[in-house]
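Written out below as structure tokens is the structure these notes cover.
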Amino acid sequence: MSRRTSIIAALFAGIAVGIVIWVAMDLVVLPYMDPTMAARIALMPMAYFVAHLLYGIGLGLTPLFIRMFSRKRDEPRRMNREAEAWPV
């Protein structure tokens, strides 16, 4: 996602990706790759779902974090450009 992506759209996309990963891991990957973990996950499915949901929320908030940190990084550059503009 780019910096210009809407925060709401990015959040919903992140949540959707988290849910898709949860479904893929729960139904496809774990039963074949690690049956023991699949059995453990079956004992606490909501915790596993919530963990993937939180991952999706964090992923969806990435454009917000990029905007926050890029502003702080751009401000010193502006000050340096102004300082360079003055003749020495």
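The values are calculated or read from the model by the stated rules, or taken from the named source; none is laboratory data. In this text the structure is predicted, and so the values were computed from the model without any measurement. Cβ coordinates were reconstructed from backbone atoms using ideal geometry, including for glycine residues, and neighbour counts include every protein chain displayed. These area figures cover heavy atoms from the full protein model, side chains too; ligands, DNA and RNA do not enter into them. Shrake-Rupley method; radii C 1.70, N 1.55, O 1.52, S 1.80 Å.
Taken together, the residues in the range 48-62 that are open to solvent by less than 60 Å² (accessible area, probe 1.4 Å) and out of contact with any Leu (no Cβ under 9 Å at 6 or more places or on another chain) amount to 7. All told, Arg4 falls short of being over 23 Å from Ile66 (Cα atoms), open to solvent by 50 Å² or more (accessible area, probe 1.4 Å) and of a type in the set (Lys, Arg).
If you go through the range 20-34 and pick out every residue that is assigned to a helix (DSSP H, G or I) and open to solvent by less than 80 Å² (accessible area, probe 1.4 Å), you end up with 9.
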